[in-house]
Amino acid sequence: MPRAKAGPKTTETAPALARLVPTQQRSRERFEKILACAAELMAEKGSEAFRMSDVVERSGVPFGSLYQYFPDKTAIIGTLAERYNAVGRDCVRRDLAVVKATRDLHPALCRITDSYYRMFMDVPVMRDIWQATQADRALQKLDEEDGAYLAGLLGDALRRIAPDAPASALASFSQLMMTLIAATVRHAITQDAKEAARILTLFKRMLPKNLAALEA
């Protein structure tokens, strides 16, 4: 997956994130500066150690302006998480667009696995963001919603190649595949490069090459 450049988004079901997403250029630049400095601090200190006061010091944005956009640190992390989630969704959508027949499934799942791993490696702060979403119950909702969205993308692709398969089976299969890919990649990024490559190669060999599991 490419380096993330997309703007932050919010959803009705996600926890409260940015209070205000500005549209005027000057305010937008300040908003982006806050996020960029927060990402730098997370990469340096980890998600637990950095504070709102650190963002103020690093960015030069006054406390009043910072709180105008973000009520707390959770809101900053959540906004960054949504930014990277949006990029990840675009990549998965792209990798699944070429699935036209059963034979396309395995290569597409392998590409998603590799893309997901590259995204974590290209944007190291994503590891801190992911750890923060797991530790914060409010942010866990974002991770759950992203997983459900990705499973939905896979489910749509599977319906193209298996239109007669039960909808419930396709949904379960899709959720399981995306959960396993995420878990494997998040394990791989904790290893050195050689071990990570071994883990990912083994996992990709285990990915399904057809939809025989749905025939039971």
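No lab work stands behind these numbers, since they all come straight from the coordinates. Because the structure is predicted, anything quoted here is derived from the model rather than measured. Cβ: placed from backbone, ideal geometry, glycine included. Neighbour counts: every protein chain shown.
What to note about this one:
- Fraction of the pair-distance distribution of the stretch 81-206 above 17 Å, Cα-Cα pairs, percent: 57 percent
- Once exposed loop GluC sites (Glu not before Pro) are cut out (DSSP; at most 16 other Cβ, 10 Å), longest piece of the chain: 49-216
- Given (1) 16.9, 52; (2) 18.0, 52; (3) 18.9, 61, the label whose value is Rg and Dmax of the Cα atoms in Å derived from this model: (3)
- Those residues of the stretch 168-197 whose amide nitrogen sits under 11 Å from the label point placed on Gln134, 7 Å along Cα→Cβ: 183-190
- Ala169 paired with Ala183, simple spin-label distance in nm, labels 7 Å along Cα-to-beta-carbon: 2.3 nm
- Residue-span extension gain [Asp104 to Leu214] - 0.36 nm each, minus C-alpha spacing: 37.9 nm
- Fraction of the pair-distance distribution of the stretch 144-216 above 14 Å, Cα-Cα pairs, percent: 64 percent
- All-pairs alpha carbon distance profile, the stretch 51-117, 10 Å steps from 0, percent: 18, 31, 18, 18, 12, 3
- When both the stretch 197-216 and the stretch 106-123 are represented by their alpha-carbon centers, they are found 15 Å apart.
- By the helix-only formula, in which each DSSP H run with n ≥ 4 contributes -39500 (n - 2.57) and the sum is divided by residues, the chain has a 222 nm mean residue ellipticity of -23000 deg cm²/dmol.
- In this structure, the residue pairs whose Cα-Cα separation is over 24 Å, taken from Lys100/Lys204; Lys33/Lys194; Lys33/Lys73; Lys100/Lys141; Lys45/Lys204, are Lys33/Lys194; Lys100/Lys141; Lys45/Lys204.
- Looking at the stretch 69-170, the trypsin sites (Lys or Arg not before Pro) that sit in a DSSP loop and have at most 15 other Cβ atoms within 10 Å of their own Cβ are Lys100.
- Near Cys91, once Lys and Arg are set to +1 and Asp and Glu to -1 for all other residues with Cβ below 10 Å from its Cβ, the sum equals +3.
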